[in-house]
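J.: I am attaching a structure below and will ask some questions about it afterwards.
The values are calculated or read from the model by the stated rules, or taken from the named source; none is laboratory data. Bear in mind the structure is a predicted one, so any value in this text is a computation, not a measurement. Every residue, glycine among them, receives a Cβ derived from its backbone with ideal geometry; neighbour counts consider all protein chains shown. Just so you know, the surface numbers come from the protein's heavy atoms only, side chains and all, with ligands and any DNA or RNA stripped out. Shrake-Rupley method; radii C 1.70, N 1.55, O 1.52, S 1.80 Å.
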Amino acid sequence: ETGKETGVSRIVDIIKNSGADIISMQETYGSGPFIADALGYYFYLRSSNLSIMSRYPIEETTDSYEPFYNGGAFVRLPNNKKLLYFTNWLNYPFDYWDLLEKGKSIDREYWLQQQISVNAKRLKDILEKIGPYLQMTDSIPVIFCGDFNAGSHLDWVEATKHLNNGYVIRFPNSILMEKNGFKDSFRDIHPDPLTERGITWSPTFTNAFKDRIDYIYYKGNQLKPVRSFTISKHPIKYPSDHAAVVTVFTFN
């Protein structure tokens, strides 16, 4: 929408201004090398969909799930510590946002069943595939981030149901991440979903139903989030249909 070159240069602007050291990019579709080159960052092109960019050296990549949905890389930090960084993308089982925009009612059981059988099933397979790495987070912490194309059980609660068309939903994706020992960095910093919603869908489509569907999860005692925020503005025009999520960690 903002042009093949113009949009890419605006993404570079946003990343530079954010100060991000490591970036997970979904739906890259050919723009990754240009962005990484403009930043002067190390680059791992996992698939047409996924890529990782890093200010710090990418030492090796992981044996991950299917390249379109998941990819991981070990990043060597300045203190000679190692971090394992995963980029991830999940497709949505049905467009519940469109139905909610139109004020249509949704069967909760159907909603959950669709999430469990499509979206969460793939996430479960991914987490099983990378399981061995998740056992080593005391020595090599893990950051797992990306577009989950689903809300979170931490957001769709009783206190916010007036913002969610009256629904309280126990989204299986976020519960699955929790059960695997991951913490949601944005909700760690902003535990109240009413005061800090963290909406990532969608800065482009202003009439879209508002939801938080992009996440930065982490696992490992050495990592501590100290700040987390979203970016959805550019001085001229924001170049993506998703807001960016940024989390600043200390590495102890």
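J.: Suppose the filter is under 18 Å from the mean Cα position of the chain (by Cα), farther than 15 Å from Asp147 by Cα and part of a helix (DSSP H, G or I); does Ile35 pass it?
T.: In short, no.
J.: Within segment 3-12, can one find any residue that is at pLDDT 95 or above, open to solvent by 70 Å² or more (accessible area, probe 1.4 Å) and out of contact with any Lys or Arg (no Cβ under 7 Å at 6 or more places or on another chain)?
T.: So far as segment 3-12 goes, no, none of its residues is at pLDDT 95 or above, open to solvent by 70 Å² or more (accessible area, probe 1.4 Å) and out of contact with any Lys or Arg (no Cβ under 7 Å at 6 or more places or on another chain).
J.: List the pairs whose first member sits in segment 207-220 and is on the phi > 0 side of the Ramachandran plot, whose second member is hydroxyl-bearing (Ser, Thr, Tyr), and whose Cβ atoms are under 8 Å apart, counting only residues at least 6 apart or on separate chains?
T.: Gly220/Thr137
J.: Continuing with this model, one more query. Kindly provide the set of residues from segment 140-189 that are open to solvent by 40 Å² or more (accessible area, probe 1.4 Å), of a type outside the set (S, T, N, Q) and over 25 Å from Glu101 (Cα atoms), ordered by number.
T.: Glu178, Lys179, Lys183, Asp188, Ile189
J.: Is it the case that segment 170-178 has a residue that's of a type outside the set (S, T, N, Q) and in a loop (DSSP other than H, G, I, E, B)?
T.: yes
J.: Quick test for you: out of Pro67, Pro57, Pro33, Pro93, pick the one residue that is under 27 Å from Phe182 (Cα atoms) and touching a strand residue (DSSP E or B) at 6+ places or on another chain (Cβ under 8 Å).
T.: Pro57
J.: Another question, then. If only one of Arg227, Arg187 is free of Cβ contacts under 8 Å to residues at least 40 places away in the same chain, assigned to a strand (DSSP E or B) and of a type in the set (Lys, Arg), which one is it?
T.: Residue meeting the stated conditions: Arg227.
J.: Right, here's the next one. How about segment 79-128: which of its residues are surrounded by fewer than 17 Cβ atoms within 10 Å (Cβ to Cβ) and either closer than 22 Å to Ser51 by Cβ or of a type in the set (Lys, Arg) (or both)?
T.: Across segment 79-128, the qualifying residues are Lys81, Lys82, Asn91, Tyr92, Lys102, Lys104, Arg108, Lys121, Lys124, Asp125.
J.: Pick from Arg227, Arg212: which is of a type in the set (D, E, K, R) and either within 19 Å of Ile14 (Cα to Cα) or open to solvent by 10 Å² or more (accessible area, probe 1.4 Å) (or both)?
T.: Arg227
J.: Which one of these is in contact (Cβ under 8 Å) with a residue 24 or more places away in the chain and in a loop (DSSP other than H, G, I, E, B): Thr28, Thr137?
T.: Thr137
J.: Can you run down the residue pairs with Cβ atoms below 6 Å, 6 or more apart or on separate chains, where the first is in segment 51-63 and closer than 21 Å to Trp89 by Cα and the partner is part of a strand (DSSP E or B) and open to solvent by 90 Å² or more (accessible area, probe 1.4 Å)?
T.: Pairs found: Ser51/Leu45; Ser54/Tyr42; Ile58/Tyr42.
J.: Oh, and also: If I go through segment 64-90 residue by residue, how many of them are of a type outside the set (Gly, Ala, Ser) and either touching a Lys or Arg at 6+ places or on another chain (Cβ under 8 Å) or in a strand (DSSP E or B) (or both)?
T.: Residues that pass the stated criteria total 16.
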